[in-house]
1. Can you work out which of the residues in region 221-253 that are among the aromatic types (Phe, Trp, Tyr) and touching an Asp or Glu at 6+ places or on another chain (Cβ under 7 Å) is least open to solvent (accessible area, probe 1.4 Å)?
2. For residue 164, are the conditions met, namely being open to solvent by 30 Å² or more (accessible area, probe 1.4 Å), within 17 Å of residue 88 (Cβ to Cβ), touching a Pro at 6+ places or on another chain (Cβ under 9 Å) and part of a strand (DSSP E or B)?
3. For residue 119, work out the one condition from (1) surrounded by fewer than 21 Cβ atoms within 10 Å (Cβ to Cβ); (2) modelled with pLDDT of 75 or more it doesn't fulfil.
4. Would you check which residues across region 136-160 are small (Gly, Ala, Ser) and either open to solvent by 20 Å² or more (accessible area, probe 1.4 Å) or free of Cβ contacts under 8 Å to residues at least 40 places away in the same chain (or both) and list them?
5. Return a yes/no flag: does region 99-108 have any residue that is open to solvent by 10 Å² or more (accessible area, probe 1.4 Å), modelled with pLDDT under 75, farther than 25 Å from residue 66 by Cα and outside any strand (DSSP E or B).
6. Taking the options 203, 184, name whichever one is open to solvent by 60 Å² or more (accessible area, probe 1.4 Å) and touching a strand residue (DSSP E or B) at 6+ places or on another chain (Cβ under 9 Å).
7. Which pairs turn up if I take residues in region 43-64 that are part of a helix (DSSP H, G or I) and look for partners that are modelled with pLDDT of 85 or more and open to solvent by less than 30 Å² (accessible area, probe 1.4 Å) with beta carbon separation below 9 Å, at least 6 apart in sequence or on another chain?
8. Hey, could you check region 68-96 for residues that are more than 22 Å from residue 109 (Cα to Cα), of a type outside the set (D, E, K, R) and surrounded by fewer than 17 Cβ atoms within 10 Å (Cβ to Cβ) and say which is modelled with the highest pLDDT?
Amino acid sequence: MRKTLSFSAGVTLAIIGFNSAQAQDDLIYVAVEPCRIADTRIASEGFIKANTNRNFRVAGTSEQLAGQGGKVDCLNPKAQKPVAVAAYIIAVPTDSSSGRGALSAYPSDQDIPPVGSGTTVNFGSVPIGNTTIVTACSAEDCPVGGELGIIARNSDENVVIDVQGYFFPSAPIPGYQIVQNAFATVNSNSVIGQVFCPAGKQALGGGGTVADPSWFMDSSVPRPDGGGWEVRYRSSGSTFSAAGSTWVVCANAN
């Protein structure tokens, strides 16, 4: 199965290789404010040694994320394991790095990818990163440490993980609420679609879509008050009418 989505930053990514169970899910991409969930430079375990792997949490409590070098105030879905995660994974060579290497990310409940396959970031002697979409472990009991596995090949490596978004089933998720709002505009080359969370809930992330291919998503951001999401759409041609929808994932406010 292959699914292509456009991100607010103007990057288009292709998702390849969802398994049959995941392919049956009706998934929506939910952008979040980029947030660091792991940084081995400040984590207690330190760097990943050459040719070893480590698991990381992409969802968990503030304390769990802080233990792996992540920020404690990420507005991400901590109580619900996502099916997949979009992240910018950065390789930061250590002083003891012995040369070129690679990082490979994979679901923590699956086998480590063979050498030469599944590469997420190839690195030399300078920090380098790559935006990737990785299926995370979604089993009831994932391996110790977290849902996302990373192996450092050939060289010791520090790893930084900045989450940019999640893929959610559009069906109801316990503890969360997906609110959608349709919009339509006539004789305009831009429109802002807005959607609000119910009282007492905060926006974790959002997204949107527009039907006319001559329109595109220009930005996808939380509302300043934290109570909803807004997406700006623009026309790539002359003035057109547009119709589409904007959605937001809401959870109980902390």
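1. Kept after step one, since they are among the aromatic types (Phe, Trp, Tyr), are these residues of region 221-253: 229, 233, 240, 247.
Still in the list and also touching an Asp or Glu at 6+ places or on another chain (Cβ under 7 Å): 233, 240.
Numbers: 233: 1, 240: 73 Å².
Looking at residues that are among the aromatic types (Phe, Trp, Tyr) and touching an Asp or Glu at 6+ places or on another chain (Cβ under 7 Å), I get 233.
2. Values: open to solvent by 30 Å² or more (accessible area, probe 1.4 Å): yes; within 17 Å of residue 88 (Cβ to Cβ): yes; touching a Pro at 6+ places or on another chain (Cβ under 9 Å): yes; part of a strand (DSSP E or B): yes.
Against the criterion (open to solvent by 30 Å² or more (accessible area, probe 1.4 Å), within 17 Å of residue 88 (Cβ to Cβ), touching a Pro at 6+ places or on another chain (Cβ under 9 Å) and part of a strand (DSSP E or B)), residue 164 qualifies.
3. With respect to (1) surrounded by fewer than 21 Cβ atoms within 10 Å (Cβ to Cβ); (2) modelled with pLDDT of 75 or more, residue 119 is out only on (2).
4. Our first condition is that a residue be small (Gly, Ala, Ser); within region 136-160, this holds for 136, 138-139, 145-146, 149, 152, 155.
Selection gives 138, 139, 145.
5. Yes, that holds for at least one residue.
6. Details: 203 fails: open to solvent by 60 Å² or more (accessible area, probe 1.4 Å).
From the options 203, 184, the qualifying one is 184.
7. Here the result reads 62/70; 64/70; 64/146, each pair linking region 43-64 to a residue that is modelled with pLDDT of 85 or more and open to solvent by less than 30 Å² (accessible area, probe 1.4 Å).
8. The selected residue is 72.
The values are calculated or read from the model by the stated rules, or taken from the named source; none is laboratory data. The structure presented is a predicted model; accordingly, all values stated were derived computationally and were not measured. Virtual Cβ from ideal backbone geometry, glycine too; neighbours counted across all protein chains shown. When the accessible area is computed, the model is the full protein with side chains, heavy atoms only, and any ligands, DNA or RNA have been set aside. Shrake-Rupley method; radii C 1.70, N 1.55, O 1.52, S 1.80 Å.
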